[in-house]
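The values are calculated or read from the model by the stated rules, or taken from the named source; none is laboratory data. Only a predicted model underlies this, so the values are computations on that prediction, with no experimental measurement involved. So basically every Cβ, Gly included, is an ideal-geometry build from the backbone, and we count neighbours across all protein chains shown.
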Amino acid sequence: MTTTANGTDSLPPSSASGEIYAGVRVRYVERAFPQRFFGARIRGPLTDALARADVCHIHGVWNVPEWWASYLARAAGVPYVMSPRGMLQPKGMQRGRWRKAAAYALLERRNLNRAALLHATSEQEADDLRALGLDAPIAVVPNGVDLGDARAASGGYRGRLGIPADAFLILFLGRMHRIKRLDLLVDAFALLRATYPGAHLVLAGHDEQRLVPNLLRRLSAHAGHVHALDTLEGADKWALLKDADVMVQCSDSESFGLAVVEALAAGVPVVVTRTCPWSEIEARECGFWVEQTVPAIADALRTLAGDPARRARMGGHAAAFARAQYSWDAIAPVMARLYADLA
């Protein structure tokens, strides 16, 4: 069950019986006040659904559906799992901190404490939850990717952008928000171009805070080598990933970072800063885990640009790591066992 919120737009609401999406019955509930917190006419539909449920899994905090779901699940005696999705990490708590402090004291702490299980997607996120002193047990289960999509992809996106086949291609994939620190990436790209003038940078994702115009101005001296795209899905996303030589993530804070896993699954080395929970990247020789500075990011990119053989080895390690750790075939049974234990 979810709301009709879809970015700045709204999806059509479902009938009471819901509809089928990717083989799963989904109910889209009409939005209502306060829309800023994903308000929706959800109490009645949730009450009906919980009457048939053995377990309720709630995704995210700081929103009306979560508040109703946790309250109604307790009232119905249904155990519930909460996945904060990085929203309780220290950096995330700083944004709108006074509102969040009030909401945490009034609602969220109780909702989290009374959960049957808290779900973290990385050990770093689990540590952040433990630091809050909550009573509920915590399970670490990563997000997964559909490896079939990754294996089926064949590239071909360079031609659409006019990028030469032999150019070193750097990719950022994800929503464009200040917390993603794209300013560090574009400055590192500018440094790299001093040594590798044929390099190209692709920024792909929803420009949530209208950052792209300023980023392009910062790289005005590199026009023709910088490409900004809106959100890509499905075959287009995988084609672009297959064409990349490296994917970069340098966020101030990440609970997981699905784009990293997608890059790994596509056999693409990654450069990730130490502000993200990816120490395994270096341990598994899938890329570099570096300080969150422009020189450190630029040095890692320079190393990969100058050593195609090493890039290829890292790409092979990345694909193997994704198969072992992040396929749904590996992850789904873990979550299924947790649900069964609660039920």
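Miscellaneous remarks
- When the stretch 285-333 is limited to residues that are polar (S, T, N, Q) and over 24 Å from D146 (Cβ atoms), the one that is farthest from the chain's Cα centre (by Cα) turns out to be T303.
- If you check D166, D135, D128 for being touching a strand residue (DSSP E or B) at 6+ places or on another chain (Cβ under 9 Å) and of a type in the set (D, E, K, R), only one passes: D128.
- Tally of residues being under 27 Å from A300 (Cα atoms), exposed (fewer than 14 other Cβ atoms within 10 Å of the Cβ) and either of a type in the set (F, W, Y) or modelled with pLDDT of 95 or more (or both) across the stretch 317-343: 0
- Within the stretch 67-79, not a single residue is in contact with a Ser or Thr (Cβ under 9 Å, 6 or more places away or on another chain) and closer than 26 Å to R210 by Cα.
- Where a residue in the stretch 156-168 is without any contact (Cβ under 8 Å) to a residue 60 or more places away in the chain and at negative phi and its partner, wherever it lies, is assigned to a loop (DSSP other than H, G, I, E, B) and of a type outside the set (S, T, N, Q), with Cβ under 7 Å and at least six apart: A167/G198; A167/A199
- Condition met for G60 (without any contact (Cβ under 8 Å) to a residue 40 or more places away in the chain, surrounded by fewer than 18 Cβ atoms within 10 Å (Cβ to Cβ) and under 17 Å from the mean Cα position of the chain (by Cα)): yes
- Some residue of the stretch 154-173 being of a type in the set (S, T, N, Q) and closer than 25 Å to P333 by Cβ: no
- Of all residues in the stretch 113-130 being of a type in the set (A, V, I, L, M, F, W, C) and without any contact (Cβ under 8 Å) to a residue 40 or more places away in the chain, the one that is nearest to R337 (Cα to Cα): L118
- Residue count for the stretch 96-123 satisfying the condition of being within 18 Å of the chain's Cα centre (by Cα) and surrounded by fewer than 21 Cβ atoms within 10 Å (Cβ to Cβ): 1.
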